[in-house]
1. For ARG130, are the conditions met, namely being modelled with pLDDT under 95 and either surrounded by 13 or more Cβ atoms within 10 Å (Cβ to Cβ) or under 21 Å from the mean Cα position of the chain (by Cα) (or both)?
2. Quick check, is LEU346 modelled with pLDDT of 95 or more and part of a loop (DSSP other than H, G, I, E, B)?
3. Right, VAL156: under 24 Å from VAL336 (Cβ atoms), crowded, with 16+ Cβ neighbours inside 10 Å and either within 17 Å of the chain's Cα centre (by Cα) or among the basic types (Lys, Arg) (or both) or not?
4. Within segment 218-239, can one find any residue that is in contact with a Gly (Cβ under 8 Å, 6 or more places away or on another chain) and over 27 Å from ALA168 (Cα atoms)?
5. Can you tell which of GLN337, GLN351 is closer than 15 Å to PHE281 by Cβ, surrounded by fewer than 20 Cβ atoms within 10 Å (Cβ to Cβ) and among the polar types (S, T, N, Q)?
6. List pairs: first in segment 397-410 and closer than 15 Å to VAL259 by Cβ, second among the charged types (D, E, K, R), Cβ under 7 Å, 6+ apart or cross-chain?
7. Within segment 266-288, can you find the residues that are of a type in the set (A, V, I, L, M, F, W, C) and assigned to a helix (DSSP H, G or I)?
8. So is PHE126 under 24 Å from CYS244 (Cα atoms) and not polar (S, T, N, Q) or not?
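The values are calculated or read from the model by the stated rules, or taken from the named source; none is laboratory data. Computed from a prediction, not measured in an experiment: that's the story for all the values here. Here the Cβ positions follow ideal geometry from the backbone for every residue, glycine too, while neighbour counts run over all protein chains shown.
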Amino acid sequence: TAFRGACVTEKRVGLLKPLLKPLLSLSLVFASFLMIHKLKVAEKDAVGLKPVRAETWCGSDCFSFKKPFMKPGPGSDPPPAGLDGAPRVSNGTPASWDAQVLNCSEDGSVRTKDWFRRLDPRFHQFVLHRHCRYFPMIINHPEKCADGRARLLIVVKSVIEQHDRREAVRQTWGREHTAEDGTAIRTLFLLGSPTTGKDTKNLQKLIEYEDRIYGDILQWDFMDTFFNLTLKEVNFLKWFHIYCSDVRFIFKGDDDVFVNTRNLLDLIRFKVDERQDAELFVGDTISKAIPIRNRQSKYYIPKELYDKPYPPYAGGGGFLMSSPLARRLFAVSEAVQLYPIDDVFLGMCLQKLSLSPELHPGFRTFGISRRRVSPMNHEPCFYKNLIVVHKLSAQELLHMWKVVHKQDLVCAHRTSV
């Protein structure tokens, strides 16, 4: 009987196979409709609170530039496609974003180097195009700091598909508001373009619609890959230099961290009172690290690309820096060769300035405990007394934010780990 039942089941599955592909396509369309519906609900909720500023929204038709990406060959990583028309050294501040044409070919001279021939092929496209530094903007918000009131700018690295994470951040630590002490907080999400092979056109329409509602997305025309995370650093520093250099402090982090904004503001006040804010760069500092040589690791770096210890750097999950230092980082970054690990690249820029990031125990970019199964990683009293904790899903972030801000949450004493 069991055998006959299995045969009948297999026969039914065989009959259903021709229907699976259409059903999958319908499910993807349905998911898109659900996302649009959710965004429309958010748009309705925002009426009277934050009007949609259509006159300042800049979509993909704001610039005229060559759109096609440079596509990789089979089996290779997608290269960064972009532009390097601007000089490497900044001479004055342009009035607006000046990278408007995609025109960056590979540096063919590198192919003749012996070290390039020995280099792991996964890094070929990165090396051939790492002189491509600044890219056209698809979505821009030059008005974000225009009123001169913003004191803290929260900048969050994200990718197009992570709408749920952005929504969780907006409802929690990334909410734009004015704090009790008068600190005006503004928020931006940094995005590239969808990688090759994804439903690029529909994903782009969704992100443009999301931005029309919230007005908090900066998007550049380079593919959103791991190797291109450093491009978010340098393009943001340039953007900040042009549009937002009067803001006092920048918190930069990932979209999967918990940030206790009250403790973050306390840290800022302390640094200001102690006059320690001019060269402020504070986070979860990693010192005496060396490149990872394990080919299976996400952070693998071959010897041909870098063969010495890393300078001290802050974990990219979340760090705080002052505006004067951000301006200096922008200037010096133009003379630092791009590196495929973004937080290490910033450490290299700091080293050029003869500075090191300050270690602070409140920044936990590897989690409260590095053992993911540890109960400490889910203890609200730790979150109440720390500044940054990595890593949480969107649902975990919303839940922990609610628990930490409950009036009846009682912690026996100030917790430290």
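1. When the stated conditions are applied, ARG130 passes them.
2. The answer is no for LEU346.
3. yes
4. No, every residue in segment 218-239 fails to be in contact with a Gly (Cβ under 8 Å, 6 or more places away or on another chain) and over 27 Å from ALA168 (Cα atoms).
5. That would be GLN351, the only listed residue that is closer than 15 Å to PHE281 by Cβ, surrounded by fewer than 20 Cβ atoms within 10 Å (Cβ to Cβ) and among the polar types (S, T, N, Q).
6. Listed pairs, sorted by first residue: VAL404/LYS384.
7. LEU267, ILE268, PHE270, VAL272
8. Here the answer is no, as PHE126 does not meet what is asked.
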